[in-house]
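One structure is given below, encoded as structure tokens.
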Amino acid sequence: MTDTRERPQNNASGTPRLRRAARFLTLAVGFSVAVVLMMMWLVGAFHRKIDPTAAAHEPSARSVERSVGGTPLVEVRVIRVPQTESAVGTIRAVYETGVASRLLARVVDVHVTAGQRVTKGDALVRLDDDALKARVEQGEAAVASARAARDQAQIEFDRVGRLVEQQSASEIERDRVVSALKIAEAELLRAEQILSEARTILTYAAVQSPLDGMVIDKRVEIGDMVTPGQVLVSLYDPSKMQLVAGVRESLTHRLRVGQTVDVEIDAIQKRCQGTVSEIVPQAETASRTFAVKVTGPCPPGIYTGMFARLLIPLGEREVLVVPGSAIRRVGQLDVVDVVTGKNGDKLQRRIVQLGRSFGDDVQVLAGLRVGEKVAVGASVGSQGDP
């Protein structure tokens with residue numbers, strides 16, 4: 001027979017689990033309802049709505065019209081301006097060099113500092129030259145010795161020559177003195193060349209400027225030991241600068257050597273003209289750009305390494321403009337007073353989006369159409385609404 005006493009125990013144990021599940025479900029539903037109500041409150045579902053028809057009657061919702069009166073008017077017009085594409089680049093010197101040492105020696109004096117102007121031949125750095133001076137003195141002594149030996153060989157050659165004429169010396173004796181004279185002359189020439197080399201090397205101890213320019217940086221100090229090929233001072237010629245810009249391959253065909261182009265230098269906020277001096281016939285693999293070099297007159301304040309833009313001409317484009325005196329600044333908005341009405345006797349305030357300035361005119365990107373008339377007389381940047 002089946003034991004029926006176990007059933008009450010099973011029902012008793014199932015009841016708490018059902019109660020816990022019911023409580024969890026109730027909490028979940030309550031939390032969800034609270035979240036939904038909070039989101040509806042945040043979006044303004046419980047706020048009083050404004051009647052759309054009433055908003056039209058509010059004074060702030062209407063554009064106020066004023067009479068033209070004697071206000072000067074001007075027509076919105078279209079002008080043609082050059083269209084350009086910019087390519088970024090770096091200002092570099094046409095003539096830039098690093099003056100290096102030709103000796104293994106110690107620095108005993110440095111005559112220049114960064115930013116100092118120098119002329120060709122000015123002393124930049126002096127190296128220890130005691131050993132070089134000793135070599136020059138040795139060479140001078142060797143030359144004196146070789147010259148004395150040559151003079152003695154010449155005397156012997158002349159004496160034997162007279163004896164040969166008197167038939168008192170043999171041909172073998174004459175050949176001997178001729179050979180001795182040639183050897184003495186060769187030794188003198190070798191000694192003179194050694195002396196010349198020693199004097200030339202001595203000049204390497206006084207490092208001089210190879211051009212008229214400006215010192216970029218000195219890279220040694222007194223007491224440093226320098227090696228052959230080590231750069232001591234960097235120089236450049238500030239009177240001959242160039243812009244090296246990377247131009248996209250699709251725009252390179254618009255440039256040619258000798259063409260006059262505009263260059264913008266952001267640091268000094270100036271634009272100058274230059275001449276395309278070189279177009280490197282090889283593109284950079286990563287950027288697919290060609291290096292274009294532009295040289296020309298440079299304004300004061302230009303230094304190597306500065307950022308600049310090359311403006312590539314692309315033709316002309318039409319631009320909608322109004323006089324700058326027609327623009328008024330109200331808070332953060334640019335507005336103009338436009339002529340409206342059937343008889344053109346009303347002025348209505350209108351917000352516009354502005355672009356670049358072209359002399360006294362300002363480009364209008366949005367808000368006006370060609371042929372419309374606007375009031376003039378307010379200066380650009382005036383604050384407030386009179």
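No value in this document is a laboratory result; all are computed from the given coordinates. Not measured: the values here are computed from a predicted model. All Cβ positions, even for glycine, are placed from backbone atoms using ideal geometry, and neighbour counts span all protein chains on display.
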Helix 7-42 vs. the chain, principal-axis angle (Cα, 0 to 90°, nearest 10) = 80
task = Enumerate the amide H contacts of MET241 below 5 Å, restricted to partners 5 or more residues apart or on another chain; note that Pro and chain-start residues carry no placed amide H.
result = VAL94, GLY296
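For every other residue with a beta carbon closer than 10 angstrom to the beta carbon of PRO313, add +1 if it is Lys or Arg and -1 if Asp or Glu, then tell me the sum. Let's see the in-between values first.
Details: positive: ARG254; negative: GLU85, ASP262, GLU316.
Local charge sum for PRO313: -2.
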note = Length gained, GLU316-ARG271, 0.36 nm per residue minus C-alpha separation, equals 14.3 nm
ask   = What is the set of long-range amide H partners of ASP224 at a cut-off below 5 Å, with H atoms built 1.01 Å from backbone N?
value = VAL107
message = Sequence gap at least 6, Cα distance under 8 Å: using those rules, report the relative contact order of the chain to the nearest whole percent.
response = 24
ask   = Which order results if LYS218, LYS182 are arranged by neighbouring Cβ count within 10 Å, fewest first?
value = LYS182, LYS218
task = Would you mind checking which residues have amide H under 5 Å from THR84's amide H? H placed 1.01 Å from N; only 5 or more apart, or other chain.
result = LEU314
request  = Quote to one decimal, in nm, the extra length available between ASP175 and ARG117 on full extension: 0.36 nm per residue of separation minus the C-alpha distance between them.
outcome  = 14.5 nm
message = Using a Cα-Cα cut-off of under 20 Å, which aspartates and glutamates could be cross-linked to LYS182, ignoring same-chain neighbours fewer than 8 residues away?
response = ASP151, GLU156, ASP158, GLU171, GLU173, GLU192
note = To the nearest 10 degrees, the tilt of helix 130-165 (Cα long axis) against the first principal axis of the alpha carbons of the chain is 30
note = Everything considered on the Cα gyration tensor (a ≥ b ≥ c; rounded for a/c under 1.5, else prolate if a/b is larger than b/c, else oblate), the chain must be described as oblate
key: Mean Cβ count within 10 Å, highest first, over the residues of peptides 300-309, 73-82   = 300-309, 73-82
ask   = Out of ALA28, ALA87, ALA169, any idea which swings most in a Gaussian network model of the chain, alpha carbons joined below 10 Å?
value = ALA28
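If packing is taken as the mean number of other Cβ atoms within 10 Å per residue, what is the order of 32-39, 352-359, highest first?
Listed from highest to lowest mean packing, they are 352-359, 32-39.
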task = Apply the Karplus parameterisation 6.51 cos²θ - 1.76 cosθ + 1.60, with θ equal to phi minus 60°, to every residue of the stretch 270-283 and state each ³J(HN,Hα) to the nearest whole Hz, in sequence, with x for glycine and proline.
result = 9, 10, 9, 9, x, 10, 5, 9, 7, 10, 5, x, 7, 8
key: Label-point separation, MET39 to ARG92 (7 Å along Cα→Cβ), nm   = 6.0
request  = Could you sort 262-269, 96-103 so that the peptide with the highest average Cβ count within 10 Å comes first and the rest follow in order?
outcome  = 96-103, 262-269
request  = Take the alpha-carbon centre of the stretch 95-133, take the same for the stretch 206-280, and report the distance between them in whole Å.
outcome  = 22
inquiry  = Less than 20 Å apart at the alpha-carbon level, and either on another chain or at least 8 residues along: which aspartates and glutamates does that give for LYS346?
reply    = GLU65, GLU75, ASP334, ASP337, GLU372, ASP385
ask   = LYS133: which lysines have alpha carbons under 28 Å from its alpha carbon, excluding same-chain residues fewer than 8 sequence positions away?
value = LYS120, LYS218
